[in-house]
Amino acid sequence: MWPLLAIVIVIVCGFFIAFRAKPTVPLSKEGRETLASRVGYFARLPSDAQARFVREAERFLADHHISGPRDAEVSDELKALVAASAVILMFGRKGFVYPRTRDIVVYDDAFNDEYNVGPSERFIGMVHGRGPILFSARALREAFERPRDGIHVGLHEFAHVIDFDAGAADGVPSMMPWRAVEPWLALMHSETRRIRRRRSVLGQYAATNEAEFFAVATEVFFEKPNELKRKHAELYAVLASVYGQQPADAPLAGE
Ligand SMILES: [Zn+2]
């Protein structure tokens with residue numbers, strides 16, 4: 001009797017732990033419609049990959065609290081766009097789970113250091129070292145509406161998030177193999193010199209520091225992959241290995 005009872009308890013606990021280990025929040029009808037109609041990357045995936053994308057988005061939404069300022073409710077459309085940004089970035093690494101649970105705050109528009117909001121304010125996205133991820137809703141929507149302009153605030157900020165995983169954002173995410181770090185630093189620095197001479201496909205903002213270089217290069221990798229591969233094959237190859245994706249040979253994010 002007792003051994004049987006123990007086995008039953010172990011099975012029930014195991015089931016409970018397995019169930020708790022991967023909690024998900026089902027995407028609402030609006031969320032699913034947003035993926036299908038606004039996220040070109042998702043729309044072009046085969047159906048089995050779409051099912052995995054939805055599961056990963058649901059997992060992301062379970063792990064992250066997304067709200068407006070002062071915990072105001074945000075729409076399922078915006079939640080879906082935030083989750084889609086996170087999932088697109090790491091979709092080539094099956095089962096990847098974002099390293100830290102962070103709150104996400106979506107402002108209506110751009111914002112400044114004091115979190116005043118307006119179309120001409122300075123920031124459209126931000127990741128605090130140990131704090132929340134901030135987005136402008138307008139910039140996030142534009143990121144999916146303009147899939148080839150090389151600007152995608154969602155991909156940019158989540159690139160910072162994976163860069164922060166080793167403690168500091170230094171343009172070298174910890175998933176990069178150790179032997180690749182030194183050549184990558186040399187590549188970043190030589191490309192930064194080209195940016196300053198305006199000879200790079202990357203914009204001037206990438207020359208700010210290594211963290212911004214990595215985030216801007218990520219945006220360009222997903223939104224202008226063919227141009228990046230043609231003009232900066234080495235840079236493209238490093239990002240392809242970090243993200244486990246070949247967007248130059250596949251549908252473009254947001255297209
Ligand atoms: Zn940045």
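No lab work stands behind these numbers, since they all come straight from the coordinates. Being a predicted model, the structure only gives us computed values, none of them experimental. Note that each Cβ is placed from the backbone with ideal geometry, even for glycine, and that neighbours are counted across all protein chains shown.
So the values come out like this:
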{"item": "Share, in percent, of DSSP beta bridges within the stretch 24-249 that are antiparallel, nearest 5", "result": "45"}
{"item": "Between the stretch 41-86 and the stretch 133-163, the Cα center-to-center distance that results, in Å", "result": "14"}
{"item": "Burial ranking of peptide ranges 164-177, 187-200, 75-88 (average Cβ count within 10 Å, highest at the top)", "result": "75-88, 164-177, 187-200"}
{"item": "Helical segments meeting 27 Å axial Cα length and Kyte-Doolittle -0.5 threshold in the chain (DSSP H)", "result": "2-21"}
{"item": "Set of the stretch 63-96 residues, backbone N closer than 20 Å to the point 7 Å along the Cα-Cβ line of residue 148", "result": "none"}
{"item": "Alpha-carbon spread of the stretch 14-155, three principal axes, descending order, Å", "result": "49, 33, 26"}
{"item": "Spatially proximal lysines relative to residue 29 (Cα-Cα < 30 Å; intrachain offsets below 8 disregarded)", "result": "79, 94"}
{"item": "The chain - Rg and Dmax from Cα coordinates, angstrom", "result": "19.6, 79"}
{"item": "Contour minus Cα-Cα distance for residue 28 and residue 120 (0.36 nm per residue)", "result": "29.8 nm"}
